[in-house]
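Worksheet for the structure shown next.
The values are calculated or read from the model by the stated rules, or taken from the named source; none is laboratory data. Computed from a predicted structure; not experimentally measured. Because the Cβ atoms are built from the backbone with ideal geometry, glycine has one as well, and the counts that use them run over all protein chains shown. Side chains included, ligands, DNA and RNA excluded: accessible areas come from the protein's heavy atoms. Shrake-Rupley method; radii C 1.70, N 1.55, O 1.52, S 1.80 Å.
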Amino acid sequence: MKKLFTFFFFILITFLNGKAQDSIPAFDIGTKSMRFPHPYQLWKVQTGLGFSMVRLPRDWVETALQAPLVNLHLTFGMPLGFSLEGDVTTLIVSNQVMLGPRWNFLYRFFSFNLGYDVAYSIGTLNQAGFHNTGMMVSSYPNLSIGFKTKELAFTLKGECVILNWGTMKTGENEVSHSSNYFDGVTGAIYLEQRIFRKKVFVIGFKDSYVKFYWPAWMVFTTFNRYYHIPELYFNWVL
């Protein structure tokens, strides 16, 4: 409840901040945002840096992750409305690299895109004399729908999570998982707002309904049911 209150508090602050900046000319968030679907500048790279706070199920851990997931997001503009997105997320013991194409369409204030991401995740955890390692390859077919004003952009994103391959090693023991395993779905909402000049800040809320959540790879073989995993996301578009 506290995190949800914080999320809506940020929405209110950014909205009021946008009202105070109406005098700054020549700004269209439809070309400066990162999560809002739109044709990106041809052959140019857009960079965003941020972090996520995640609440893991109590069956897995008793508290939230003790450190945020640090995230680097890159978008490369291509012809005909296509773009290529890359994403690097790390928590030291859990790391993921993601890459995938998008096709973006924008009509006045509304937009959408279709995408397909492929991710490689690796985690290491040394505890009580054991060396634990987890690796997996996942795919994320996704759809985003957006609406914008001059300085605010709202985006809804949904995706399926498919585990293509996974393995976990504990010492000399290795457990592999079946390929093309449907892991669940995620839904997210993102708000993007100009903070100053032409810099944009992103606030998001994401809910994953999955059996396996990659930062918690060490508990994958223990549980076999779906869980809601809420996540607060913050990103600065550089």
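Would it be correct to say that Arg102 is basic (Lys, Arg) and surrounded by 14 or more Cβ atoms within 10 Å (Cβ to Cβ)? Taking the combined requirement at face value, the residue satisfies it.
Does at least one position in segment 172-182 carry a residue that is over 30 Å from Pro39 (Cα atoms), open to solvent by less than 50 Å² (accessible area, probe 1.4 Å), part of a strand (DSSP E or B) and modelled with pLDDT under 95? The answer is yes; a qualifying residue exists.
Against the list (1) touching a Phe, Trp or Tyr at 6+ places or on another chain (Cβ under 8 Å); (2) hydroxyl-bearing (Ser, Thr, Tyr); (3) surrounded by 15 or more Cβ atoms within 10 Å (Cβ to Cβ); (4) under 28 Å from Arg35 (Cβ atoms), the condition Thr149 fails is (3). What number of residues within segment 95-145 satisfy the criterion of being within 23 Å of Val202 (Cβ to Cβ) and more than 16 Å from the chain's Cα centre (by Cα)? Residues flagged as within 23 Å of Val202 (Cβ to Cβ) and more than 16 Å from the chain's Cα centre (by Cα) within segment 95-145 amount to 10. Could you list all residues from segment 4-60 that are at pLDDT below 55 and among the charged types (D, E, K, R)? Selection gives Lys19, Asp22. Of all residues in segment 63-86, those satisfying the criterion of being under 19 Å from Pro215 (Cβ atoms) and either in contact (Cβ under 8 Å) with a residue 60 or more places away in the chain or part of a loop (DSSP other than H, G, I, E, B) (or both) are Thr63, Ala64, Leu65, Gln66, Ala67, Pro68, Leu69, Asn71, His73. Candidates are the residues of segment 123-136 that are exposed (fewer than 15 other Cβ atoms within 10 Å of the Cβ) and in contact with a strand residue (DSSP E or B) (Cβ under 9 Å, 6 or more places away or on another chain); the one that is nearest to Arg194 (Cα to Cα) is Asn126. Counting only residues that are open to solvent by 10 Å² or more (accessible area, probe 1.4 Å) and in a strand (DSSP E or B), segment 192-216 holds 8 of them. Please work out if Asn132 is within 14 Å of Phe182 (Cβ to Cβ) and either among the aliphatic types (A, V, I, L, M) or at pLDDT below 95 (or both). Considered against the rule, which asks whether it is within 14 Å of Phe182 (Cβ to Cβ) and either among the aliphatic types (A, V, I, L, M) or at pLDDT below 95 (or both), Asn132 comes out as no. The residues of segment 37-59 that are open to solvent by 30 Å² or more (accessible area, probe 1.4 Å) and in a loop (DSSP other than H, G, I, E, B), listed by number, are Pro39, Gln41, Leu42, Trp43, Lys44, Arg55, Arg58, Asp59.
Is it fair to say Leu69 is crowded, with 17+ Cβ neighbours inside 10 Å, within 15 Å of the chain's Cα centre (by Cα) and among the aliphatic types (A, V, I, L, M)? Taking the combined requirement at face value, the residue satisfies it.
For segment 87-99, state whether one or more residues are farther than 18 Å from Pro230 by Cβ and not in a strand (DSSP E or B). Yes, because at least one residue in segment 87-99 is farther than 18 Å from Pro230 by Cβ and not in a strand (DSSP E or B).
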